[in-house]
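All remarks here apply to the structure that follows.
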There are 2 protein chains.
Amino acid sequence: MPKISQKGINMPASPIRKLTPFADQAKKDGKKIYHLNIGQPDIKTPEGMLSALKNIDFKVWAYTASEGTASYRNKLAQYYNKLNYSIAPTDILVTNGGSEAITIAMQACLNPGEEIIIPEPFYANYNGFACSSDIVIKPIMSYIDSGFALPSITEFEKVITAKTKAIAICNPNNPTGYLYSQEELEALRVLCLKYDLYLFSDEAYREFCYDGREFISPMHLEGLENHVVVLDTISKRYSACGARIGCLITKNKELYQTALKFAQARLSPSLEGQIAGEAAVDTPDSYFDAVSKEYTARRDTLVSGLNSINGVFCPNPGGAFYVVAKLPIDNADRFCQWILEDFNYNNETVMMAPATGFYSTAGFGEDEVRLAYVLNQEDLKKALRCLEKALEVYPGKTA
Amino acid sequence: MPKISQKGINMPASPIRKLTPFADQAKKDGKKIYHLNIGQPDIKTPEGMLSALKNIDFKVWAYTASEGTASYRNKLAQYYNKLNYSIAPTDILVTNGGSEAITIAMQACLNPGEEIIIPEPFYANYNGFACSSDIVIKPIMSYIDSGFALPSITEFEKVITAKTKAIAICNPNNPTGYLYSQEELEALRVLCLKYDLYLFSDEAYREFCYDGREFISPMHLEGLENHVVVLDTISKRYSACGARIGCLITKNKELYQTALKFAQARLSPSLEGQIAGEAAVDTPDSYFDAVSKEYTARRDTLVSGLNSINGVFCPNPGGAFYVVAKLPIDNADRFCQWILEDFNYNNETVMMAPATGFYSTAGFGEDEVRLAYVLNQEDLKKALRCLEKALEVYPGKTA
């Protein structure tokens, strides 16, 4: 039997999805599970997108241009320019979800063995993308006590070497929900110019900023035209994760042309996804107002509920729809499996993502979990109640 | 300005798509172009697929399982088992088009620097997938004089080294249309077992076999359960290139689990594409009968038309919807650009893919072009007339 590749062996399983078999078994056993483990919102997709899908009128389901249809890119440029990104449609490369945008950016910018600095905890799939491209993630620690604020520039500089090629941020952050400030971005701007580094900006959660705080993108900063690569997706903004439409944006023409070659190899993004994505840009503001109000309320419910449980600490994040909470437990992986396998409260339980999967540094996140507040408040409260009860009886309780 | 990666520099531009700017200019100049350059069929997508898309009833456009929905994989297994593949739904990993299936297979099976043997000319994007995974394609020559039959096993053995990990075939072949025989596949079976190699079988054109000839898959051969990886797509079968739905099939459980990790990193294939793909399996046989009849007639028109032009030779292929033809020209790249830029016949011209892009070995394919017979016969005849006229006046004519 031929051997699989070393990369295949090294490739991490999704820490978010690896508990799925235990959840499946729990469901088979008749338990109801509150899914706080995955960023799959329960929010309805805008009607305009679904109508666009239902009203497709093509007879041949054809390839589009590798970079996306002109029509969709024009519309996207309007959307970004409303946010003051000052970009042209030709700066936009439409991708199969944000995932492909990240993969293409990594492959186009970094050689195998070169390094990208990412504050941890970070979106676990970055490990998968890096592994599949043989590039190295250099994590620098952000801490729950500061709400996972950007590490100081000194910390970045400590790990910069001749191999460092890029810095990546996810803003607002998955998994921490932290929303980077103007000052933090300014500091990154200076750093990227000083060391001539790419700045990857994963903005999947751009629309999810709370408490009246403003979203700042590196696209708003001057002098970074050749450095910034925005990685985006319609998945979260419009609750359309299953459409698999994202994009890569850069004003760096050489990089764009390079990214395009990777895009050409896979031919094109989906036609119908782009049609729906184009319709999505016309989603009325009232949709986002309602969504933002809902998520703010959910966050408040979740964060205050968590902090009211004995031994639990959860910072109050400014964006996205995740929190990382510290629990009085010995081992998050064990706890998240145990709560599915060996626990129920009124025949219900909770699925969470162990935070260990979001840290690169071994030993971190063992008493932390990531929770996505993608359920209605009623369910969130029930999930919190479950968690509280579980912590009372978990054999590996530490506090 | 940060440097782009060496891989980004090495990454080949699509030889099929790189002439697009010249075609765009020709269109701007008012010329009508017959597109024989790309495998985008003009055949209508089955009504059942489009209806499935129009009748979607989800309210939240959600992620699916990374390996695809259970429902679609069950349906796909039925489809494959009708073809006697004897597979379970759990052997199927749904992908973002055939492209992603190929990428995942390469990454899961081969280490950077390891080698895959592919008879050339071969589907040009294999170069892109190999480059993006840092793996090495070892081409072995197939020749137009034999209609691009499989090279002899001796030729394969000549290039097998300790680094050889896999053999890939595309059957029926893109770009040559060659349909491999039972004997050729048997020979590959023995070879793969002898050297313990993976056998990648790209079967995008499975349904396109002519003259009553039967399609044979490595899945039909015994003893290769751990070696065969089928790479498939619904793009061509159902004229649904823009849906971006394909799959990877393997009975090798270790490989499947490894491939799944790559699939988890990119989360999931599109939901609506899988819904339509599921409906596609119920496409009535009458659809394929009509399509097969149409393509046979087109092939006959194209091949006989080409062979009637002075100095042109085109073998009569058994499958797919491509031919590679030899033309009396100095340089296929130059000719294919010239015919768009500097030529017209009654204000019409033809777009073709230079065969050079399908060969790895430098200097090959310079007097060959790939033509996709994806236009109706009327248009094919006009395109042939254009080509004939062009060859009469092309400055680089050799015969």
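The values are calculated or read from the model by the stated rules, or taken from the named source; none is laboratory data. Fair warning: this is a prediction, and the values are worked out from it, not measured in the lab. Note: ideal-geometry Cβ built from the backbone for every residue, glycine included; neighbour counts use all protein chains shown. Remember, those area values only see protein heavy atoms, side chains included, never the ligands or the DNA or RNA. Shrake-Rupley method; radii C 1.70, N 1.55, O 1.52, S 1.80 Å.
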Open item on the list: Please list 3J(HN,Hα) in residue order for region A:96-112, calculated via the Karplus relation 6.51 cos²θ - 1.76 cosθ + 1.60 where θ = phi - 60°; whole Hz, with x for glycine and proline.
Closed with: 6, x, x, 3, 5, 4, 5, 4, 5, 4, 4, 5, 6, 9, 10, 7, x
Open item on the list: Could you tell me how far the Cα centroid of region A:347-399 sits from the Cα centroid of region A:196-242, in Å?
Closed with: 28 Å
Open item on the list: Using only the alpha-carbon atoms, how far is helix A:253-265 inclined from the longest principal axis of chain A? Give it as 0 to 90 degrees, nearest 10.
Closed with: 70 degrees
Task: Over region B:69-139 - Rg/Rh using Cα atoms and the Kirkwood inverse-distance radius - done: 1.07
Task: Spread of Cα-to-Cα distances over 5 Å intervals beginning at zero, given as percent, for region A:298-399 - done: 2, 14, 25, 27, 21, 9, 2, 0
Open item on the list: Can you tell me the orientation of helix A:377-393 relative to chain A, as the angle in degrees between its alpha-carbon axis and the longest Cα principal axis, to the nearest 10?
Closed with: 50 degrees
Open item on the list: Please report the spacing between the Cα centers of region B:284-342 and region A:246-261 in Å, no decimals.
Closed with: 34 Å
TODO: Calculate for the protein assembly as shown the 222 nm mean residue ellipticity that helices alone would give, adding -39,500 (n - 2.57) per DSSP H run of length 4 or more and normalising by residue count, nearest 500 deg cm²/dmol.
DONE: -11500 deg cm²/dmol
Open item on the list: 7 Å along Cα→Cβ for the label point: how many nanometres lie between B:N376 and each equivalent label in the other copies, listed shortest first?
Closed with: 5.3
- [ ] Hand me the GluC sites (Glu not before Pro) from region A:199-228 located in a DSSP loop with no more than 10 other Cβ atoms within 10 Å, in residue order please.
- [x] A:E214, A:E222
Task: region B:210-317: trypsin sites (Lys or Arg not before Pro) falling in loop per DSSP and having at most 16 other Cβ within 10 Å - done: B:R213
Task: Partner aspartates and glutamates for B:K382 [C-alpha distance under 12 Å; skip if fewer than 8 residues away on the same chain] - done: B:E348
Open item on the list: Defining the label point at 7 Å along Cα→Cβ, can you sort the distances from A:D342 to the same site in each other copy, shortest first, in nm?
Closed with: 7.9
Open item on the list: I need the calculated FRET efficiency for the pair B:N84 and B:K3, taking r as the beta carbon distance and R₀ as 45 Å, to the nearest 0.05.
Closed with: 0.30
Task: A/B buried area, accessible surface, summed, 1.4 Å probe, Å² - done: 6700 Å²
Open item on the list: Rounded to the nearest 5, what % of DSSP beta bridges with both residues in region B:47-280 are antiparallel?
Closed with: 30 percent
Open item on the list: Students often forget the sequence filter, so: which lysines lie under 17 Å Cα-Cα from A:K163 once same-chain residues fewer than 8 apart are removed?
Closed with: A:K138, A:K194, B:K3, B:K7
Task: Taking only Cα atoms of region A:47-280, radius of gyration then Dmax in Å - done: 17.4, 58
- [ ] Using only alpha carbon pairs under 8 Å that are at least six residues apart, calculate the relative contact order of chain B and give it in whole percent.
- [x] 25 percent
TODO: Give me a single rounded figure for B:48-60: the average over its residues of other chain Cβ atoms within 10 Å of their Cβ.
DONE: 4
Open item on the list: Going 7 Å from Cα along the Cα-Cβ axis for the label, what nanometre distances separate B:V159 from the same residue across the other copies?
Closed with: 4.1
Task: Reference-scaled alpha-carbon Rg (2.2 N^0.38 Å with N residues) for the protein assembly as shown - done: 0.96
Open item on the list: What is the distance in Å between the Cα centroid of region A:114-134 and that of region B:65-121?
Closed with: 26 Å
Task: When the convex hull of its Cα atoms is projected in every direction, mean area for chain A (nm²) - done: 20.9 nm²
Task: Quarter of the Cα convex hull surface for region B:143-188, i.e. its orientation-mean projected area (nm²) - done: 3.6 nm²
- [ ] Report in % the part of the accessible area of region A:108-228 that belongs to carbon and sulfur, leaving out ligands and nucleic acids; probe 1.4 Å.
- [x] 50 percent
TODO: First compute the accessible area of region A:242-316 with a 1.4 Å probe, then give the percent of it belonging to carbon and sulfur atoms.
DONE: 54 percent
Open item on the list: Suppose we keep just the DSSP beta bridges with both residues in the protein assembly as shown; what percent of those would be antiparallel, to 5?
Closed with: 45 percent
Open item on the list: Helix B:182-195 against the longest principal axis of chain B: what's the angle in degrees, Cα atoms only, rounded to the nearest 10?
Closed with: 60 degrees
- [ ] With a probe of 1.4 Å, find how much accessible area region A:225-379 has per residue, and write the answer as a whole number in Å².
- [x] 30 Å²
- [ ] Have a look at region B:268-310 and report residues whose accessible surface goes down by 40 Å² or more when the remaining protein chains are included, against the chain on its own, probe 1.4 Å, ligands and DNA/RNA excluded.
- [x] B:E272
